[in-house]
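Accompanying notes for the structure given below.
The values are calculated or read from the model by the stated rules, or taken from the named source; none is laboratory data. Because the structure is predicted, anything quoted here is derived from the model rather than measured. Glycine also receives a Cβ, built like all others from the backbone with ideal geometry; neighbour counts cover every protein chain displayed.
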Amino acid sequence: MYDGNERLPRKIRFLPFVFGGLTGVSIALVVIAFVLVQRNTDGRAESLLQTGSIYTASTGASIDDDRRNAIVVATEHVAPAVVSITASYTRRTRPVYDIWFNRYYPGRERTLAELGSGVIVDKRGYVFTNYHVIANAERLQVTLSDGKTYAGTLVGSAPSYDLALIKIDGDDFPTAPLGNSDDLLVGEWAIAIGSPFGFSLLDTQPTVTVGVISANHRDIKQEEDSQQIFNDMIQTDAAINPGNSGGPLVNSRGQVIGINTLIFSPTAGTYAGNVGMGFAIPINRAKRVMEEIVQYGRVRDVWLGMSATDINAETQAALNLPSASGVLVQSIEQGGPAEKAGLKVGDQIIAINGVALETRFQANRVIFGSGVGDVLEMKINRKDKLLDVKITLEERPSDI
C-alpha cells in the first residue's frame with residue numbers, strides 16, 4: 001500500500017501529463033469543429049436570406065411557401081376583378097333665407113357621388129354591385145385595380161335584392177370565379193375584398209380583410225324602423241367598411257360566394273365603425289338575377305295567384321283546424337298558378353319545400369329568391385286531410 005513517502009514508478013509519474021495532453025487536444029478539436037460548423041451555417045443562412053428562401057429543418061419547406069397560404073392565393077385570383085364604382089348625380093341647391101328671392105335666383109348645381117365596389121363576373125365587362133350604390137346615379141365610372149377607368153352602363157337592377165348589373169365596354173377583362181353559396185360551412189374562411197372609403201386611400205388597389213362565415217340564412221333589418229328586410233343573408237366577421245358595398249365575399253378556394261352589402265354598427269354616420277357583423281348576398285341568388293337581367297332586361301316578378309294570412313286561436317277554433325300553425329288561403333285568382341295547382345280558399349298550408357310554417361313571414365321567406373318556372377311543393381290540410389300540391393310559379397301579369 002502506498003503511504004505517501006515512497007517514490008512512484010517512472011511510468012506512473014508521467015500518466016497525468018499524458019492524460020492532460022489528450023484532454024487538451026480533444027477540447028481543441030471540439031472548439032475547431034464548432035467554429036467550422038457555425039461558419040458554414042452562417043454562410044448558408046446569409047445565402048438563403050439573399051435569395052429570399054429560408055428553409056425549416058423539420059420539413060424542408062420554405063417560409064415563403066408558408067406565407068403563400070390559401071388566403072393569399074384566393075386573393076390573387078379575385079383581386080384583379082374587383083373594381084371601384086363612382087355613381088355621380090347632380091343636385092340643384094337654393095338658398096333658404098329668402099323665399100321671395102328664391103323665385104328669381106336659379107341656384108347652383110352640385111355634383112355629388114356615391115362610392116362603392118363591384119366585381120367583374122364576365123370577361124365581356126359585366127360587373128356586379130349593390131343597387132343602393134347606383135340608385136341615384138346619372139353617370140357611372142368604373143375603375144379597375146390597375147387604374148384604368150371606364151364609363152359604366154346600367155344593364156338592369158333588382159331593388160328587392162339590392163343588386164345591380166353594370167356593363168363596361170371591352171371583351172377581355174379579368175373575371176372572378178363564382179362559387180356555390182348553398183354549401184357554405186359556418187366557421188370556414190371568408191375574405192372581403194373592396195374599395196373602402198373610395199379614393200380617400202389615394203390609389204386603386206382593393207383592400208382585403210379576413211374572417212369566417214359567422215352564420216347562414218340571416219334575415220335582418222339595417223335599421224329598427226326600416227321597412228326593408230334583407231332575407232337569407234350570409235353573415236361574416238370579415239371587416240366590411242363604407243365603400244365595400246358591392247365587392248365580393250370570397251372563400252379559401254378563390255371563389256366569390258357573396259356580394260358584400262351592409263354592416264351593423266354601434267354608431268351612426270358615414271364612417272360608422274365595424275363590429276364584426278357584416279352581411280353579404282349569396283352568390284347563387286346574384287347569379288339568378290344576372291341571368292334574368294341579361295336575358296329579359298329585368299328580374300321578372302313571380303306570381304302565385306293567391307293571398308294568405310296568419311292563423312290565430314280564433315281562426316283555428318272557428319274553422320276547426322288541427323293547429324294554429326301555417327297560413328290560411330284567403331283568395332285564389334282565376335287562371336293563376338294556385339288555381340291551376342288545385343288550391344282552394346280555406347286550405348291550411350303547413351309546409352313549403354319541406355319547411356314547416358308558423359307564420360306568413362316564414363312562408364314569404366321560403367318563397368323569397370324563387371324565379372319564374374320554379375316549383376313550390378306545398379303540404380296542405382284540407383278538412384283534416386293532408387294533401388301534397390305543386391305550384392309552378394309564373395310571371396306576374398302587368399295589370400296586377
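Looking only at the stretch 311-356, residues that are assigned to a loop (DSSP other than H, G, I, E, B) and not small (G, A, S) come to 12 in all. Against the conditions (1) closer than 22 Å to V82 by Cβ; (2) modelled with pLDDT of 85 or more; (3) surrounded by fewer than 22 Cβ atoms within 10 Å (Cβ to Cβ), D232 satisfies every one except (1). Counting the residues of the stretch 235-247 that are in a loop (DSSP other than H, G, I, E, B) and either among the small types (G, A, S) or buried (at least 24 other Cβ atoms within 10 Å of the Cβ) (or both) gives 8. Listed by first and then second residue, the pairs with beta-carbon distance under 9 Å, at least 6 apart or on different chains, first residue in the stretch 293-319 and within 18 Å of Y161 (Cα to Cα), second among the basic types (K, R), are V299/R288; R300/R396; D301/R396; V302/R396; W303/R396.
Would you check which residues across the stretch 331-346 are out of contact with any Gly (no Cβ under 9 Å at 6 or more places or on another chain) and free of Cβ contacts under 8 Å to residues at least 40 places away in the same chain and list them? Matches in the stretch 331-346: S331, K344, V345, G346.
Kindly indicate whether V355 is closer than 26 Å to M233 by Cα and free of Cβ contacts under 8 Å to residues at least 12 places away in the same chain. Taking the combined requirement at face value, the residue satisfies it. For the stretch 378-398, the set of residues classified as touching a strand residue (DSSP E or B) at 6+ places or on another chain (Cβ under 9 Å) and within 21 Å of R300 (Cβ to Cβ) consists of K390, I391, T392, L393, E394, E395, R396, P397, listed by residue number.
Of all residues in the stretch 173-197, those satisfying the criterion of being surrounded by fewer than 17 Cβ atoms within 10 Å (Cβ to Cβ), more than 14 Å from V121 (Cβ to Cβ) and touching a residue at least 60 places away in the same chain (Cβ under 8 Å) are N180, D182, E188, F197. Scanning the stretch 296-306 turns up at least one residue that is under 30 Å from Y126 (Cα atoms), in a strand (DSSP E or B) and under 32 Å from the mean Cα position of the chain (by Cα). Among the residues of this structure, K390 does not count as one that is part of a loop (DSSP other than H, G, I, E, B) and among the basic types (K, R).
Sub-8 Å Cβ pairs linking a first residue in the stretch 241-256 that is more than 15 Å from P80 (Cβ to Cβ) to a second residue that is part of a loop (DSSP other than H, G, I, E, B) and hydroxyl-bearing (S, T, Y), at least 6 apart or interchain, are P242/T270; P242/Y271; G243/S195; N244/S195, ordered by first then second residue. Quick check: anything in the stretch 170-177 closer than 22 Å to T209 by Cβ, touching a strand residue (DSSP E or B) at 6+ places or on another chain (Cβ under 7 Å) and assigned to a strand (DSSP E or B)? Within the stretch 170-177, not a single residue is closer than 22 Å to T209 by Cβ, touching a strand residue (DSSP E or B) at 6+ places or on another chain (Cβ under 7 Å) and assigned to a strand (DSSP E or B).
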